[in-house]
Amino acid sequence: MSVGPEIAAEVRSTCPYCGVGCGILLRQDGAGGVAVKGDPEHPANRGRLCSKGAALGETVGLEGRLLAPQVNGQERGWDETLDLVAHRFRRTIADHGPDSVAFYVSGQMLTEDYYVANKLMKGFIGSANIDTNSRLCMASTVAGHRRAFGTDTVPGTYEDLEEADLIVLVGSNLAWCHPVLHQRVLAAKAAKGTKIVVVDPRRTATCDGADLHLPLALGSDVALFNLLLAAIYEGGAFDRDYIRQVEGFDAAVTKAMAASAEPTGLRSDLIARFCKMWLGHEKVVTVYSQGVNQSSAGTDKVNAILNCHLATGRIGKPGMGPFSVTGQPNAMGGREVGGLANMLACHMALEDPGHRAAVRSFWDAPAVPDRPGLKAVEMFRAVAEGRIKALWVMHSNPAVTLPEADAVQDAIAACDFTVVSDITAETDTAREAHVLLPAAAWSEKSGTVTNSDRTISRQRAVRAAPGQARPDWWHMAEIGRRMGWPRTFDYSGPAEIFREHAALSGIAGGFGLDFDISGLAGISDSDYDRLAPVRWPVASRQGGRFFADGRSFHPGGRMRMVPVAWRAPAARHAPRFPFRLNTGRIRDQWHTMTRSGLSPRLSAHLAEPFVEIHPADARRLKIAPDTLAEVTSPSGRAILRAQVTDSVQPGTVFAPMHWTGQTAPSGRIDALVAAATDPISGQPESKASVCAVAPFAAGYYAFAVSASMPAPRDDYWARARTAAGWRVEIAGRTPPADWDGWARSLFDLPEAAAESVVDPARGAARIAFHDGGRLLAAVFAGPEPLGLMRDHLAGLPGAEAPHALSGQAPADMPDPGPTLCSCFGVGVNTILTAIETEGLMSVEAIGAALSAGTNCGSCRPEIAALLDRAGRKEAAE
Ligand SMILES: Nc1nc2c(c(=O)[nH]1)N[C@H]1C(S)=C(S)[C@@H](COP(=O)(O)OP(=O)(O)OC[C@H]3O[C@@H](n4cnc5c(=O)[nH]c(N)nc54)[C@H](O)[C@@H]3O)O[C@H]1N2
Ligand SMILES: Nc1nc2c(c(=O)[nH]1)N[C@H]1C(S)=C(S)[C@@H](COP(=O)(O)OP(=O)(O)OC[C@H]3O[C@@H](n4cnc5c(=O)[nH]c(N)nc54)[C@H](O)[C@@H]3O)O[C@H]1N2
Ligand code: SF4
Ligand SMILES: [Mo]
C-alpha cells in the first residue's frame, strides 16, 4: 500500500475505539508520532473526543509491534508463511471437511476486512464456522431485533438523544463507555431539561446527572420492563393505531400483567416513579447496552424493552425509540457483512434458499452453507474437543475475553493449527499460536466502519505500515488466492472491496431488506477516498427512518411483540459460591489493553485490577479497603484489590475485564465467568456468574517503579505504564527470604548500585537502584498495604531522586494522587485540596481553577463525586 506525500497534511479518520464513531483529524507530528484532534465536522462528535480518543497519539508507537510473520516463534517471509497457512487449511478441509476449520473475527475489523473474511469462509471454504466477538457483545440485540422487526435494524439516531424528553439508560455505563454520547445527553439536559433514568445494579459514573437510578437486582430487567408494559396497558397509554400493525400485543400484555416486582428487588415507589416518567413523556429513548445483552435472558431483555416502544408506537420518530448503542467501532459493519455464524451477508438469511442462491451466484461461489456455523462459545468448545482442527483468530483476544477463559486458552494451545492476526505478539492468544500474521494498525490502513446510528465513516491511513505489517483484508485475500481462488480474491484495495459489498447490498435491497447501500456501488476510487460520513440506507430509494409507519421486514409486514417472562441468571448459587460476579469496563482502558495500555495518561486512572465489594460484605469477610481479595468461581480464581464501596449491592461484586497474563495474570476475570449462554442469541452471560470472595492471605505487599519493564513472579502483580517507565503492585503469600536478591531479579539488575533499608523482623524493605545519579528502579515492601505517594514515585525513574527511599514527596512537591483528569494530568489529591483550600463548589469552578474536566469532559462525573465526598465530609464534621 503506498502512502503518498500528500498524506502528510491533515487526514480525516475515525476513532478506532467505541461505537460512537467519533471523527478525528490526524497529522504526522514529524517525530514519528501522530497528533490527534476531534473533527468538528463529523456528525457523531462535532469536534469532541473522550479521554481515550484524545490519547490516541500515545498508542501508535512501535513498542511491542509484531513486524514480521512468525511460524512457531521464528520470523519467516510472507510467501512461505502464507503458503503454509493455505496448505494447512486446504489439507484440513480435504481430510476432515469444511466444518473442521473456523475463523474467529472481530467487530473492530473494517467492513472491507470483514467482507473478505465472510466471503472466504461462507462462499469458498463452504462452512459457516465464522463467528465474531460481536457474539459476546451485540448478539442478543441482533436476535431481539430480528424477532421484533424481521431484520437487524437499529432504529435510533444520535439526534434522537437531543430531541428526547426522557432518556432511559439500561445496563449502560454511557459516561465511561460512550463518553461523547453521554456528553451529548448532558448537554441536552442542560439545554432543555431532558430527564435521565439509569437502570443498573451498580451506581456508576453515569448516575451523575441522572434524575432517577433504579439499582435493580442483576438479571431482572425483563421483570422491570414487563411491569412497565403492564403500567402502559393499565394506564391506557398504548397507541391504538400503531398496535394495529403489531402482532402479539395481547399475548405480551398478558405475560406482563403476570409479572412480579420481586425479582427486581426494587422498592415499589421507585418502580412507580419510573413508570410515571415513562408514561408522562412521549419522547422517550431507551438506550441499552451490555447489562441487557450479556445475559442468559439477553434476547428476552431486548424484546421486553422493544415491547414497550411498540405498544406505544414510540419508535422511529424523532426523539423516540429503543437504541442499542454498539460497543466496538465496527460492530454494525460486521452485522452488515454477515459476520455472525447465523447470518449470510447484507442482512440476508442463511436459512433462505433464495438469499443463498443470490449470494452464491453474485460471488460465483462453489458453495454456500445452508445451516448456521458454530457460535463463539460452541466454537471454542469444538476447538477443545478437537472438532476444529485449524483456527484463525483475527483482531480479537479470546484467551482473555471469552467466558471460562483458562479453558479457552488451553484449547487454543492444544489446537492442531492456530493462526493469529494481530498488531502485537504479546497477547494471551498470540502466545499460543503456531502462526502470527502482522497486521497494519489503525492510522496505517484504510476502510470504512459503521457506528451505532448507522453512519458509515472512513478510516484513513496517515502513514505507512511498519516492517512487513499488512492490512487484514490483504492477509485473507492472499490466503483465498493461495487456497485456489486466484481471481475471486484478486482485490486491488479496500475501495474495490467496498464497491462489491455495496453492489451485493443492492441484491438484499431487491429482496426488500433494509441494508442497502447500492447507491455507493459505482463509487470511484477518488470518491471513496473523499467519502463523507453517510447514514444508510443509501439506495436509489433513499430512506431515512425505519418503523415509524409500523411496517416491519417480517412476512406480512407487521411488527411483533414477543411475550417474555423473567427467569433467573443461569449460574445457580451454591453454598460455596454465594456472590454474583458482575463485570464490565473502566473509563480509560480498552478491552485487553493492547493499545490503551501503552498510554501512560490512560494507565494513570486505574492502574490495577480491582473488585468492588459492599462495606457490609467486606466487614463480614474481614476484607479491609486496599487489601487484596481472592475471588473464586467453579471455573477459575483471581486476586484483586478490594475497593470497598456501596456503589455495588450486598451479595454482588464487580470486577473489570481488562487485565491479562501480560498485565496482571491473577486478574484475568473471564477465567471466573461461566460459559452460560442465551438460548436464542448464543451470547454469554458475562455479568452474572457465581463466585466466592475471601481475603487473600498476603505475607507481603510491595510497590515498585522502574525505567525498564519489571518481571515479577509473585502470587499477585499488576503492571502499568507511566511517563517514566513502569509501576507495579505486587503481593505474595510468603515474604522473600532475601529482599535484595528478590528486588534484583524483579528489575533484572544483578549488578546495579543499591541503596536499601531492610527490616527482616518486620518483613519490610525499601530498595533503590541507581546508575550514577539516576534512579533506575525502586521497590517498597511491607506486611501491610503501603501508604506511599505512588503517583509522585512513578515519575522518579530516570531522574535524580536522592530521597526516593522515603516513599514520600518533598514538602514543596505535594503528591497529586491518582490521576482523575487524564487530559491535564490532574490527580485526586490536587482536586480535593483545591476544593478544601479554595472553597470550590462546582465542577465548573474546579475546571476554572485547575483545568480538570475542561477538555474531553470524561472525568466530570468523577469530579462531581469528589465534590460530593468533600460535601459529605463537611456535613459529618
Ligand atoms: N472505556 C471503554 N469504553 C468502551 C469499551 C472499553 O473497553 N472501554 N468497550 C466498548 C464495547 S466493545 C462495549 S460492548 C461497550 C459496553 O458498554 P457498557 O455496556 O455501557 O459497559 P459495561 O461496563 O460492560 O456494562 C454496563 C453496565 O451494565 C451493568 N449491568 C450488569 N448486569 C446488569 C443487569 O442485569 N441489568 C442492567 N440493567 N444492568 C446490568 C453493569 O453494572 C455495568 O455498569 O463499551 C464500549 N466502550
Ligand atoms: N467478563 C467480561 N468479558 C467480556 C465482556 C464483559 O463485559 N465482561 N465484554 C465482551 C465484549 S462486549 C467484547 S466486544 C469483547 C472484546 O474482546 P476482544 O476482542 O477479545 O478484546 P480486544 O482487546 O479488543 O482484542 C482486540 C485484539 O486485536 C488486536 N488488534 C488491534 N488492532 C488490530 C488490527 O488492526 N488488526 C488485527 N488483526 N488485530 C488488531 C489487539 O492487539 C487485540 O489483541 O470482550 C467480551 N468479554
Ligand atoms: S467516545 Fe471516545 S472512544 Fe468512543 S469514538 Fe469517541 S473518542 Fe473514540
Ligand atoms: Mo463489545
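Read-outs: derived from the displayed coordinates by stated rules, not from any lab. From a predicted model like this one, the values you see are computed outputs, not experimental measurements. Every residue, glycine as well, gets a Cβ built from its backbone with ideal geometry; the counts of neighbours run over all protein chains shown.
Laid out as a table, the results:
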| item | result |
| --- | --- |
| Spin-label pair residue 361/residue 267, simplified geometry with 7 Å Cα→Cβ offset, distance in nm | 6.5 |
| Per-pair calculated FRET efficiency, R0 = 60 Å: residue 487 and residue 622 via Cβ, rounded to 0.05 | 0.30 |
| Test item: Cα-centred dipole of the chain, Lys/Arg +1 and Asp/Glu -1 on Cβ, debye | 1680 |
| Cα-centred dipole magnitude for segment 700-806, charges only on beta-carbon of K, R (+1) and D, E (-1), debye, nearest 20 | 260 |
| Charge dipole (the chain, unit charges on Cβ, about Cα centre) - positive-most of 423, 765, 834 | 423 |
| Size of segment 819-876 as Cα extents on the principal axes (Å, biggest first) | 33, 18, 17 |
| Virtual spin-label span in nm between residue 426 and residue 737, 7 Å along Cα→Cβ | 3.3 |
| Positive dipole terminus of the chain, leading residue within 328, 35, 81 (C-beta point charges) | 328 |
| Value of relative contact order over segment 579-695, rounded to a whole percent, pairs C-alpha under 8 Å and six or more apart | 36 |
| Column: log10 I(q)/I(0), Debye, Cα scatterers of segment 493-624, q = 0.10, 0.12, 0.14, 0.19 Å⁻¹ | -0.77, -0.89, -0.93, -1.06 |
| Per DSSP, loop trypsin sites (Lys or Arg not before Pro) in segment 542-616 with at most 12 further Cβ within 10 Å | 572, 576 |
| Percent breakdown of C-alpha pair distances by 5 Å bin, ordered from the shortest bin, for segment 737-877 | 2, 9, 16, 15, 14, 12, 10, 10, 8, 4, 1 |
| Span-like helix ranges in the chain, DSSP H, alpha carbon extent 30 angstrom or more, Kyte mean at least 1.6 | none |
| For segment 614-625, Karplus couplings with θ = phi - 60° (6.51, -1.76, 1.60), whole Hz, Gly/Pro x | 5, x, 5, 5, 4, 4, 4, 8, 6, 10, 7, x |
| Separation between Cα centres of segment 791-835 and segment 463-490, rounded to whole Å | 48 |
| DSSP bridge pairs, segment 139-324: antiparallel proportion in percent, nearest 5 | 5 |
| Amide H contacts under 5 Å for residue 286, placed H, 5+ residues apart | 168, 321, 323 |
| Estimated Rh, the chain: Kirkwood, alpha-carbon pairs, angstrom | 28.1 |
| Amide hydrogen neighbours beyond the local backbone of residue 423, cut-off 5 Å, H modeled | 439 |
| Stokes-Einstein D in µm²/s, Kirkwood radius over Cα pairs - segment 255-374 at 4 °C with 1.567 mPa s viscosity | 74 |
| Segment 139-324 - Rg (one decimal) and Dmax (whole number), Cα, Å | 14.9, 41 |
| Prolate/oblate/rounded label for segment 579-695 (Cα gyration tensor, a/c 1.5) | oblate |
| Expected 222 nm ellipticity per residue - DSSP helices of 4 or more, -39500 (n - 2.57), all of the chain, to 500 | -8500 deg cm²/dmol |
| Sorted by Cβ density within 10 Å, fewest first, the residues 714, 83 | 83, 714 |
| Taking only Cα atoms of segment 11-59, radius of gyration then Dmax in Å | 10.1, 31 |
| Sorted by Cβ density within 10 Å, fewest first, the residues 41, 404 | 41, 404 |
| Antiparallel bridge percentage (DSSP; both residues within the chain; nearest 5) | 65 |
| Taking 130, 423 and counting other C-beta atoms within 10 Å, the order from fewest to most | 423, 130 |
| Sparse-neighbourhood loop sites, trypsin sites (Lys or Arg not before Pro) in segment 5-50 - DSSP loop, at most 16 other Cβ within 10 angstrom | 46 |
| Cα-based equivalent ellipsoid, segment 1-152: semi-axes from gyration tensor eigenvalues, Å | 34, 26, 13 |
| Fraction in percent of alpha-carbon pairs per bin - 10 Å, segment 700-806 | 16, 55, 28, 1 |
| Per-pair calculated FRET efficiency, R0 = 25 Å: residue 545 and residue 212 via Cβ, rounded to 0.05 | 0.30 |
